[in-house]
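First comes the structure, then the notes that go with it.
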Amino acid sequence: MATQHHLKTTSVSLSEPGDSSGKDVGTSTQQNSHDEPNRLQPAQTMSIEEFLSACKKVKWKTDLRLIFMAWLMYIFNYFDRNTIGAARVIGMQQSLDMTSTEFGLAVALLFPGYISMQIPSNFILTRLRPSLYLPACMVVWGGLSLAMAFVQTKGALYVVRCLLGFMEAPFSVGVLFLISSWYTRSELALRNALFTSAPMIGNAFSGLVSAAINKHLDGALGKEAWRWLFITGGERAVAEWRLILDAGQADQEVNEDWSRSVQMTLRDKRLPIFALMYFAAGIASSVIGFFPSVVKTLGFPRTNTLLLTVPPYIIGVIVATVTAWLSDRYKNCSFYIIAPLAVSIAGFIIAAATSVKIGARYFAMILMVAAGHGAHAVIVAWVQKTIMRPRTKRALSVAFVNCIGGLSHIIGSFMYPDRWAPRYVAAMCLNSVAALCAIILALVMRQILRRANQKIDNDNDAAMIMHDQLHPETAWSSEDERQARKDSLRYVI
């Protein structure tokens, strides 16, 4: 019992900002703990050594079954979504007799459906089995992506791209919600980075596949190369108890209707700041969607151009992963958002100022892609770490931030017209301004959360300061333990 008590009391130092109503419902939760079996008992009665060992096993299995599988699916998701960028380089725009503006519209039409469906989808996800809902959406989007290989007019391309946006919307934002349901604060940024590295891998893979298709399949069976591009296209107790130790409560669902959940989400004044920060970071990294076209301005042949897109994506994965790991390790989000965005600004400036030196321009392209993407996973993790409970509010908050951030893709679709080549000075200036705005918003959020932490330290009552976020009390633990976990809550800055 002494070891068990030590495990519970030391959990206070592991706690993180959650949602608290400040209400004392200890009587009702104690009654609940007597009315139903304590499913946390296997974890609560473990020694520290047994609990830590079980935690490692749970994390390993979750990494394998959730992160790795979602990572593979997200690679195919982004390969399907951004194949159109590589298809442009190998002749799709010319084949369908489209101007650069019309092609930009085709790219942008994916995002109205993609953005509008994210919040409803995450609300649905809290009510359905993710293992059925998300794969079903994947099957449909795979069929729509295949259909793009057979479009003959720009109108048909517009229709398919629009429908594709609706079916791709549930996946990435749904997985980000699931990640926040299975990992503690000190694990979120790295897992987000691992998951969101998939688009960069998908883009790199797209470049390699596109180069091979352009070289070997152009004209095969009477089809252009770009068409072939689309054609190829006991542990529960441990898991729940470790989340309670981290957030001060279980990841349980409050019986709330849709309207109340939306009201709670929109009432949180921090969400617009997070959303605008993610939107600005998305504008700053919009070059990724047209990266093959930007690399094409170096003057190399098609195949070489596609191959040159690969290294920046690979470097981007490494930068994003290391940045997120450091953010988790040192329990800081703001610095690891500001630093990569500042480096990306340097890349934009070099690219806009240099027109002759190929080496300098390619180095700038690496900076703008690798550094620009590096902040994304940390921004999403900051949302997850700040708004942890209740479950529905977290799901809608992640979806809301991702939804507003997704608007950057619509704007970014029109930022790289052919007439701005080869230096794309206007686009680089817009990217730089957006990155600077994201940096300023990160500093604002840092100050907001720092003041909240100072108020908690001065008042010594985290529950009252976080009163706007209702949550279910954790049953099967004493009132003193619940209060101790509340009092230890602090925001990550």
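The values are calculated or read from the model by the stated rules, or taken from the named source; none is laboratory data. In this text, all values refer to a predicted model and were calculated from it rather than measured experimentally. Glycine gets a Cβ as well: all are built from the backbone with ideal geometry, and neighbour counts include every protein chain shown.
Computed values, structure above
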item	result
Extreme residue, surrounded by the fewest Cβ atoms within 10 Å (Cβ to Cβ), among residues of the stretch 294-314 that are part of a loop (DSSP other than H, G, I, E, B) and in contact with a Phe, Trp or Tyr (Cβ under 7 Å, 6 or more places away or on another chain)	Leu298
Test result for Tyr313, under 20 Å from Asn431 (Cα atoms), in contact with a Leu (Cβ under 7 Å, 6 or more places away or on another chain) and hydroxyl-bearing (Ser, Thr, Tyr)	no
Selected residue (criterion: modelled with the highest pLDDT) from residues of the stretch 396-425 that are β-branched (Val, Ile, Thr) and either closer than 24 Å to Leu298 by Cα or more than 14 Å from the chain's Cα centre (by Cα) (or both)	Val425
Those residues of the stretch 374-430 which are out of contact with any Gly (no Cβ under 6 Å at 6 or more places or on another chain), among the small types (Gly, Ala, Ser) and closer than 26 Å to Ser121 by Cα, in sequence order	Ala375, Ala377, Ala381, Ala395, Ser397, Ala399, Gly406
Any hit, the stretch 9-27, residues being crowded, with 18+ Cβ neighbours inside 10 Å, more than 30 Å from Tyr278 (Cβ to Cβ) and either of a type in the set (Asp, Glu) or modelled with pLDDT under 65 (or both)	yes
Criterion violated by Val317 - all others in (1) within 23 Å of Gln93 (Cα to Cα); (2) buried (at least 20 other Cβ atoms within 10 Å of the Cβ) satisfied	(1)
Members of the stretch 110-135 that are farther than 21 Å from Arg391 by Cα and surrounded by fewer than 19 Cβ atoms within 10 Å (Cβ to Cβ)	Pro112, Gly113, Pro135
Yes/no for Tyr183 being under 24 Å from Gly374 (Cα atoms), hydroxyl-bearing (Ser, Thr, Tyr) and in contact with a Ser or Thr (Cβ under 9 Å, 6 or more places away or on another chain)	yes
Qualifying residue in the stretch 378-394 (condition: aromatic (Phe, Trp, Tyr) and over 20 Å from Leu188 (Cα atoms))	no
Verdict on Ala86 being touching a helix residue (DSSP H, G or I) at 6+ places or on another chain (Cβ under 6 Å), at pLDDT 75 or above and part of a helix (DSSP H, G or I)	no
Qualifying residue in the stretch 466-488 (condition: modelled with pLDDT under 85 and at positive phi)	yes
Residue in the stretch 99-106 that is of a type in the set (Phe, Trp, Tyr), at pLDDT 80 or above and under 19 Å from the mean Cα position of the chain (by Cα) present	no
Qualifying residues in the stretch 369-385 (those that are at pLDDT 90 or above and not in a loop (DSSP other than H, G, I, E, B)) - the one farthest from Trp325 (Cα to Cα)	Val383
So Ala352, is it more than 26 Å from Ile115 (Cα to Cα) and either assigned to a helix (DSSP H, G or I) or of a type in the set (D, E, K, R) (or both)	yes
Residue in the stretch 247-262 that is at pLDDT 60 or above and surrounded by 23 or more Cβ atoms within 10 Å (Cβ to Cβ) present	no
Spans of helices (runs of 4 or more DSSP H) in the stretch 98-137 with at least 2 residues under 27 Å from Ala421 (Cα atoms) and touching a helix residue (DSSP H, G or I) at 6+ places or on another chain (Cβ under 6 Å)	100-108, 110-116
Test: residue in the stretch 47-66 that is at pLDDT below 80 and among the aliphatic types (A, V, I, L, M)	no
